[in-house]
Amino acid sequence: SSGINAEWPLRPGKNIKIGGEEWTYKIQGLHVLRRAARHHPDIFQNDLLTYIRLTCGEVANLRSTVSRLAIQIVGDYFVMLKAVMDSDIDRTCECLLAKTGDTNQFIKNDIIATLGKMVENATPSRVLMALINCGGSHKNSTIRSVTANCLKDVVTRMGVNRCLAAKDIAPKFLATLEKFSHDGNQETRYYGKLVLSWCMEHPNLDALCHKHLSATAARNIRDMCDKLQSKGVGSLPQSSDRTSGRYRSQPVSRAQSNLSATYPGNRSRKPSKLPEKDQAESAAAFSHTSSPHHNELHL
């Protein structure tokens, strides 16, 4: 088993084996890592990848007490360390998304809360690519729906201009939107269409699609944009809160997507005119409000 001198910031010399079989040792070691990240960030960051991976390794623990604590601590890492977490964002994102299919509702809620902290605190472009790489083409429909929801929040934070202007992001971003907007899962399809409706306000969307996508994918996006132009995005499926373990979403205004502040007045494509009902309902936000179960475990 792997072990670390987990008490080094507090009582040097006492060894706690997070990788051992005894789950109480894992709990103690995880608490120590949390304290270390908070009170000794400089020392913690000297071996950052080791500590992140030790913690992420316990996210998949079959004992829910250990798994939930590890999930919550990963969220704390994002809050405390912010962009420093970019260094292992792909592995961390993959670890969290893989746990979204868990049948334990409390674990689902913890995962959603931690993903929200990742979206809010890590570098948006790195989070966007991690979500696309880890969940954009996943076979599991729940993972795809959670990914689409998180992607919507990252785009809200970044603004569509930045997503489409970056040469290393735009091709995968557009390809993912094409997949999500035609996904067999209602919730994934809703978020894909929602983000695509924001992209419709970009004057060069058609040209970018033809540049970065296959002819078939570009045509699919164009056809979907025509549908959105006439019918709007629609409403978030009523069952989504129950099926994905997420808190009830809150509306997000179009201004929050940074469109009005970044797009020029003259556009080659007319902005989509959504029905009034869709304007009120078409941007359900990912709720980052923590429940009592998400509160930090104080020592």
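The values are calculated or read from the model by the stated rules, or taken from the named source; none is laboratory data. All figures in this text were calculated on a predicted structure; none of them were measured in a lab. Neighbour counts run over all protein chains shown; Cβ positions are idealised from the backbone, glycine included. The protein model used for the area step is the full one, side chains on, heavy atoms only, and it has no ligands, DNA or RNA in it. Shrake-Rupley method; radii C 1.70, N 1.55, O 1.52, S 1.80 Å.
Each of ARG34, ARG63 has its accessible area taken with a 1.4 Å probe; listed largest first, they run ARG63, ARG34. The equivalent ellipsoid that matches the C-alpha gyration tensor of the stretch 93-157 spans semi-axes of 18, 13, 9 angstrom, in descending order.
If you take the alpha carbon atoms of the stretch 46-96 and fit the smallest convex hull around them, that volume is 63 Å³ per residue. By the gyration tensor of its Cα atoms, with a ≥ b ≥ c the square roots of the eigenvalues, what is the shape of the stretch 9-143: rounded for a/c under 1.5, prolate for a/b over b/c, or oblate? The shape class here is oblate.
Across the stretch 113-125, computed HN-Hα scalar couplings (Karplus, 6.51 cos²θ - 1.76 cosθ + 1.60, θ = phi - 60°) run 5, 5, 4, x, 5, 4, 4, 7, 10, 7, 5, x, 5 Hz from first to last residue, x flagging Gly and Pro.
Ranked highest first by average number of other Cβ atoms within 10 Å, how do 149-157, 225-233, 43-51 line up? Spell out each step's value before the answer.
Numbers: 149-157: 23.8, 225-233: 16.3, 43-51: 14.6.
Result, highest mean Cβ count within 10 Å first: 149-157, 225-233, 43-51.
Between the residues THR100, ALA175, ALA122, the greatest Cα displacement towards the positive end of the dipole of the stretch 85-241, with unit charges on the Cβ of Lys, Arg, Asp and Glu, is found for ALA175. Protection proxy ranking of 181-193, 210-222, by the mean of other Cβ atoms within 10 Å over each peptide's residues and highest first, is 181-193, 210-222. Structure shown: which of LYS82/LYS167; LYS179/LYS227; LYS108/LYS193; LYS108/LYS152; LYS99/LYS139; LYS152/LYS211 lie over 21 Å apart, alpha-carbon to alpha-carbon? Over 21 Å Cα-Cα: LYS82/LYS167; LYS108/LYS193; LYS152/LYS211. Computed from backbone phi with θ = phi - 60° and the Karplus coefficients 6.51, -1.76 and 1.60, the 3J(HN,Hα) list for the stretch 206-216 is 4, 5, 5, 5, 5, 6, 9, 10, 5, 4, 5 Hz; x is used for glycine and proline.
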